[in-house]
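First the structure, in the form of structure tokens, and then the observations on it.
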Amino acid sequence: MPYFKDADDVYAVIGKLFVDLTQDEELAPKFRKANSIVQFQYRNPASQITIKAIEGQEGVVDCGETSMTPDIVMSMDADTAHKYWLGKVNVTVALARVNGSHPEGDAEVAKKYMLAAREDGLPVDENGLWTGKEEILTVAANSPPDNKVAEAFQAAAQKLGFKLSLRLVPREVVYTNFCASPSKKVAI
């Protein structure tokens, strides 16, 4: 059973979360470092939240129709968003799911986020590329659609400088050998 009954319900919960975030003395300045307009298009129920997070400007949150043009559009089920904000969904896993989230955007926006991560001390160069030396182990099922999603994710992550080692294995091996097994050191 879905958590939200209608769009107004989404706005009352997730929309309010974003409004509160734009007004928080500690978090709002960090939020505005994104220097972009992000739009979340939700399904089940159909709803839309657009957030303007520009450094030096007040944050703006539009629930429903908006005149803002987004730099990034994320689409997902409203329940997935709710679970994410409750800490029950890993964003990397959600982004990789075919029926979960589908990010769209351009390299310049990704660069902005990577440069913001650099300001927080992460290994990112002046071009917005990850410079960390470690290879990140990624495991996915070797059958469609999982293998195709994993390969697309690997290609996108490599464009940002991440070094991924993709291991495709039978689906049952993913669950029995890698899920919830920290000793395997699987990042994604």
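Readers should treat all values here as calculations from the given coordinates under stated rules, not as data from a laboratory. Remember, predicted model here, so these are calculated numbers, not experimental data. With ideal geometry, Cβ positions are generated from the backbone for all residues, glycine too; neighbour counts draw on all protein chains shown.
Take every pair of alpha-carbon atoms less than 8 Å apart whose residues are at least six positions apart; their mean separation over the length of the chain yields a relative contact order of 15 percent.
Scaled against 2.2 N^0.38 Å for its residue count N, the alpha carbon radius of gyration of the range 109-170 is 1.26.
Near residue 31, once Lys and Arg are set to +1 and Asp and Glu to -1 for all other residues with Cβ below 12 Å from its Cβ, the sum equals -2. When 4, 153 are sorted by how many other C-beta atoms sit within 10 angstrom of their C-beta, beginning with the fewest, the order is 153, 4.
Helical runs assigned H by DSSP (4 residues or longer) give the chain a calculated mean residue ellipticity at 222 nm of -8500 deg cm²/dmol, each run adding -39500 (n - 2.57) before division by the residue total. Dimensions of the range 1-89 along the principal axes, based on C-alpha atoms and rounded to the nearest Å, stand at 41, 27, 19, largest first. Listed by Cβ neighbour count within 10 Å, with the fewest neighbours leading, 115, 122 appear as 122, 115.
Within straight-line reach of residue 16, meaning a Cα separation under 27 Å, sit the following lysines at least 8 residues removed in sequence or on another chain: 5, 30, 33, 52, 83, 88, 112.
All C-alpha pair distances within the chain, sorted into 10 Å bins from zero, spread as 8, 30, 35, 23, 4 percent across the bins.
Seen against the Cα atoms of the chain and their longest principal axis, helix 146-159 is set at about 70 degrees.
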